[in-house]
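Worksheet for the structure shown next.
The values are calculated or read from the model by the stated rules, or taken from the named source; none is laboratory data. It should be emphasised that the depicted structure is a prediction, and the values quoted were computed from it without experimental measurement. With ideal geometry, Cβ positions are generated from the backbone for all residues, glycine too; neighbour counts draw on all protein chains shown. Calculation scope for accessible area: heavy atoms of the full protein, side chains included, ligands and nucleic acids excluded. Shrake-Rupley method; radii C 1.70, N 1.55, O 1.52, S 1.80 Å.
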Amino acid sequence: MLKYGGVFLVLLCVLECGTGLYFHIAETERKCFIDEIPDETTVLVNYKVELYDPRTGGFAQTRPGMGMHVEVRDPDDKMILSRVYSSEGRFSFTSHTPGEHVICLYSNSSSWFSGTQLRVHLDIHVSDHSIDYSNTAHKEKFTQLQLRLRQLLDQVEQITKEQNYQRYREERFRQTSESTNRRVFWWSLAQSVILLFMGAWQMRHLKSFFEAKKLV
């Protein structure tokens, strides 16, 4: 499914987790991540880009105007998100199809600066970790008990989504296994038929040879 240059694949947690990491890329290089996500699940990504400073040998704030181009594709390779963001911020998307989603990032710099190295900090949150409950409590005027109940309900909903996704994966795996078993069976049967045919042909050829030589 991946058709991008310089693809960097990282398998991330799916249920109620966040993953923080950083990686180095050139300004024109593309990095992609694979995240297995259930359907109707919100993913929140925080990021920060730093520019290599050859004078200090470290990484500092990027120059004005530099940003990150973000692309997100679903398991059917359909574009969910394609947008240029600033050098630091966050973006989110909601999955509508269960399976492997591809998140790609690359800077909006021109090839003139392709030799400059960037450090990208990435923090990916899936499911209820992407919800700001403090903001929700303030808007909805929830009590502590109501807020906790809301969190539990969201967790139950996410667990249900994860169970449905695992059943979906199990069904896909079973279909793949059955298809593979059928192909192996028919291939073995075809090999057996060919071997029997070749054996019969060789026996007939040898019989004709012996009769021609008057050996039998």
Qualifying residue in the range 126-134 (condition: loosely packed, with under 13 Cβ neighbours inside 10 Å, at pLDDT 85 or above and not hydrophobic (A, V, I, L, M, F, W, C)): no
The listed residue being modelled with pLDDT of 80 or more and not assigned by the TED database to the domain that holds Q163, out of C104, C13: C104
Selection within the range 72-93 - within 17 Å of D35 (Cβ to Cβ), open to solvent by 70 Å² or more (accessible area, probe 1.4 Å) and either without any contact (Cβ under 8 Å) to a residue 24 or more places away in the chain or not in a strand (DSSP E or B) (or both): D76, K78, M79
Test: L118 is modelled with pLDDT of 80 or more, of a type outside the set (D, E, K, R) and crowded, with 17+ Cβ neighbours inside 10 Å: yes
Tally, over the range 28-48, of residues that are of a type outside the set (S, T, Y) and in contact with a Leu (Cβ under 6 Å, 6 or more places away or on another chain): 3
Criterion (more than 30 Å from P38 (Cα to Cα), surrounded by fewer than 10 Cβ atoms within 10 Å (Cβ to Cβ) and more than 47 Å from the chain's Cα centre (by Cα)) met by exactly one of K213, K207: K213
Odd one out for A190, checked against (1) among the hydrophobic types (A, V, I, L, M, F, W, C); (2) under 27 Å from the mean Cα position of the chain (by Cα); (3) farther than 20 Å from I37 by Cα: (2)
